[in-house]
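Written out below as structure tokens is the structure these notes cover.
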Amino acid sequence: MLLQTVVLALAVLLSITDSAIAKISYLQYGKEVLAPTGFRELCKRSPFACRDDAGGSRSVNLTDGGWIALENYNQKLNSHIRYRTDWEAFGRSDYWVIAKRIGDCEDIALAKRQALVRAGWPGNALWLAIGRDRDGMAHVVLVVRSNRGDLVLDNRNGRVSPWYQVDLKWLARQYPGDPLYWRAIHPQQQGNRI
């Protein structure tokens, strides 16, 4: 009887651990929220930039080689695109474009997504997420959903990082479907490391 109780207790602990690991590895999302204003304006100006037809799986089976490829894309585009605020680059705030040579965080994240889709990565596994940094400033990154969790490509860092290692208070993320609506990040994950 004691052995059965111990085995049952271990099974329960293992299932809780697996559940906890899944919650840590993936950003949990909740209700629909409006996409950021700059993104909605980009969709009006350039509907092709917001089309939800990149298709493919909603998750990438990421190998070690795939991880290296993500880091290479991240580092290449971080070094190729010079960071400039929207005021410096375009003379206005919150102006979203797919960066070519200059841009701020969301422009660089959009360029990374475009480059990865063109290279054959499934668009449905690549989405933008927005959060606030330590100074309270909005910051947009590209997130890759994979079998290794949600991974962040950030213009502030050349390394690909799990979402929970990125210094952001997470707010919302894109979700396949209507590009004008995103999903709020689950409140238990919003206060990450800040």
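Would you tally the residues in the range 18-50 being under 18 Å from I108 (Cα atoms), at pLDDT below 85 and surrounded by fewer than 17 Cβ atoms within 10 Å (Cβ to Cβ)?
2
When the range 94-103 is examined, which residues are found to be open to solvent by less than 70 Å² (accessible area, probe 1.4 Å) and without any contact (Cβ under 8 Å) to a residue 40 or more places away in the chain? Working first, answer last.
Pass one, the range 94-103, residues open to solvent by less than 70 Å² (accessible area, probe 1.4 Å): 94-99, 102-103.
Correct list: A99, I102, G103.
Mind listing just one residue for me: the one in the range 142-193 that is closer than 19 Å to R58 by Cβ and of a type in the set (S, T, Y) and, of those, modelled with the lowest pLDDT? Talk me through it step by step, then tell me what you get.
Pass one, the range 142-193, residues closer than 19 Å to R58 by Cβ: 142-153, 160, 162-163, 170, 172-179, 181-186, 189.
Within this subset, residues satisfying the condition of being of a type in the set (S, T, Y) are 146, 175, 181.
On the way: S146: 96, Y175: 84, Y181: 87.
Looking at residues that are closer than 19 Å to R58 by Cβ and of a type in the set (S, T, Y), I get Y175.
Name every residue in the range 116-137 that is in contact with a Leu (Cβ under 8 Å, 6 or more places away or on another chain) and either in a strand (DSSP E or B) or over 15 Å from V60 (Cβ atoms) (or both), in order of residue number.
Scanning the range 116-137 gives L126, W127, L128, A129, I130, G131, R132, D133.
Which one is nearest to the chain's Cα centre (by Cα), of the residues in the range 68-89 that are open to solvent by 80 Å² or more (accessible area, probe 1.4 Å) and of a type in the set (A, V, I, L, M, F, W, C)? Spell out how you get there, then give the answer.
If we filter the range 68-89 for residues that are open to solvent by 80 Å² or more (accessible area, probe 1.4 Å), which is where we start, we get 68, 72, 75-76, 79-80, 82-84, 87-88.
Keeping just the survivors that are of a type in the set (A, V, I, L, M, F, W, C) gives 68, 87.
Working: I68: 17, W87: 24 Å.
If we take residues in the range 68-89 being open to solvent by 80 Å² or more (accessible area, probe 1.4 Å) and of a type in the set (A, V, I, L, M, F, W, C), then I68 is nearest to the chain's Cα centre (by Cα).
The values are calculated or read from the model by the stated rules, or taken from the named source; none is laboratory data. Quick caveat: nothing in here was measured; it's all calculated off a predicted structure. All Cβ positions, even for glycine, are placed from backbone atoms using ideal geometry, and neighbour counts span all protein chains on display. Note: accessible area is taken over every heavy atom of the protein model, side chains too, but ligands, DNA and RNA are not part of it. Shrake-Rupley method; radii C 1.70, N 1.55, O 1.52, S 1.80 Å.
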